[in-house]
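Colleague: Okay, here's the structure, questions in a sec.
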Amino acid sequence: TATPRPTIFPTPSPAATATPPSGPQPDLGANASLHGKPVFAGTSPWNQPIDRAPVDPASATLIASIGLTTGLHPDFGANWNGGPFGIPYVVVAGSQPRVPVSFDYADESDPGPYPVPPDAPTENGSDAHVLVVDRDAWKLYELFAAAKAPPGWHAGSGATFDLKTDAARPAGWTSADAAGLPIFPGLVRYDEVAEQKAIRHALRFTIAKSRKAYVAPATHFASANTSAGLPPMGMRVRLKASFDLSTFPPDAQVILQAMKTYGMFVADNGSNWYVSGAPDARWNDDTLGTLKGVKGSNFEVVQMGTVITK
């Protein structure tokens, strides 16, 4: 069943294509710079500014469910337990050998082989995400709960995305993320903040309690709670236009401006207001720490389209 609402971000057709993004050749390796090359086509919801979109009628209730006085928490940085932390990724060449991948949830996973290097960086913790960008084919490969299983890998689930299009996954399908969304496009990356001085896409964040529902561009829910007072997966929030950025360090301003212009998608269950990013030893953790001064009450929900509950 669905709750009709004005559609702000219609689900792209799986066959939708657009002019392939252009830009400098990305570097190779773990957490490598893309040198400004855009991820996904310009028509992708990830790349659409929402600073002038209407506020959802249920915004106040939904934001309160996440926490009005809870601050943002950058779930990435330069040093925790002795090293950089966050969700890592690796950029490979088109010649990277493909290896077999088996899945626990094979019915909703894209089959292998995947071009995952044997030394691919894996996220610490139970999610154990592995993200691989093929810079030549401009494709994204993502694994959840990944572990080496020579000659390849085993994972809970996996998904591939053609970064030259704006295609979504089939309705009802998960990905390597609870919402059925790609993870990599929503990360705060050092190359964008420090080199490009701009993030031109939406970000990804987690909440503790979600609804058994999703809204485009998400394709999957991960909850049994049917309360309309809880956010569906794919709900998009933005930092209020009136919020003053001038007191924050320059790098923090880049991140916060992205939250104003492009917003953040609810992507997974986790801690409230945890913002995802890639690890990098060059992050200034004190600068990132200033983001904690931004509270839930400083956000509003962008008007949602049709909310899918089954």
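The values are calculated or read from the model by the stated rules, or taken from the named source; none is laboratory data. Just so you know, these numbers come straight off a predicted model, no measurement behind them. Note that each Cβ is placed from the backbone with ideal geometry, even for glycine, and that neighbours are counted across all protein chains shown. Ligands, DNA and RNA are stripped out before the accessible areas are found, and what is left, the full protein with its side chains, is counted by its heavy atoms. Shrake-Rupley method; radii C 1.70, N 1.55, O 1.52, S 1.80 Å.
Colleague: I'm checking my understanding of the structure. Among residues of the range 122-179 that are at pLDDT below 95 and of a type in the set (S, T, N, Q), which one is farthest from SER223 (Cα to Cα)?
Modeller: Checking each candidate, the answer is THR165.
Colleague: Do you know which residues across the range 121-149 are open to solvent by 10 Å² or more (accessible area, probe 1.4 Å), out of contact with any Phe, Trp or Tyr (no Cβ under 8 Å at 6 or more places or on another chain) and touching a residue at least 24 places away in the same chain (Cβ under 8 Å)?
Modeller: THR122, GLU123, ARG135, ASP136, ALA137, PHE144, ALA145, LYS148, ALA149 - these are the residues of the range 121-149 that are open to solvent by 10 Å² or more (accessible area, probe 1.4 Å), out of contact with any Phe, Trp or Tyr (no Cβ under 8 Å at 6 or more places or on another chain) and touching a residue at least 24 places away in the same chain (Cβ under 8 Å).
Colleague: Among the listed residues ASP110, ASP127, ASP136, which satisfies the condition of being under 27 Å from GLY172 (Cβ atoms), part of a loop (DSSP other than H, G, I, E, B) and in contact with a Ser or Thr (Cβ under 9 Å, 6 or more places away or on another chain)?
Modeller: Exactly one of ASP110, ASP127, ASP136 is under 27 Å from GLY172 (Cβ atoms), part of a loop (DSSP other than H, G, I, E, B) and in contact with a Ser or Thr (Cβ under 9 Å, 6 or more places away or on another chain), namely ASP110.
Colleague: Taking the condition of being open to solvent by 20 Å² or more (accessible area, probe 1.4 Å), more than 18 Å from VAL254 (Cβ to Cβ) and either in a strand (DSSP E or B) or among the small types (Gly, Ala, Ser) (or both), how many residues in the range 169-196 meet it?
Modeller: Result for the range 169-196: 2.
Colleague: Related question: So, TYR262, is that one of a type outside the set (S, T, N, Q), touching an Asp or Glu at 6+ places or on another chain (Cβ under 6 Å) and modelled with pLDDT of 95 or more or not?
Modeller: In short, no.
Colleague: Yes or no: the range 80-100 includes at least one residue that is open to solvent by 40 Å² or more (accessible area, probe 1.4 Å), part of a loop (DSSP other than H, G, I, E, B) and among the aliphatic types (A, V, I, L, M).
Modeller: no
Colleague: Only one of ASP107, ASP56 is at pLDDT 95 or above, open to solvent by 20 Å² or more (accessible area, probe 1.4 Å) and closer than 30 Å to THR306 by Cα; which?
Modeller: ASP107
Colleague: For ALA202, work out the one condition from (1) in contact (Cβ under 8 Å) with a residue 60 or more places away in the chain; (2) farther than 25 Å from LEU163 by Cβ; (3) of a type outside the set (Val, Ile, Thr) it doesn't fulfil.
Modeller: (2)
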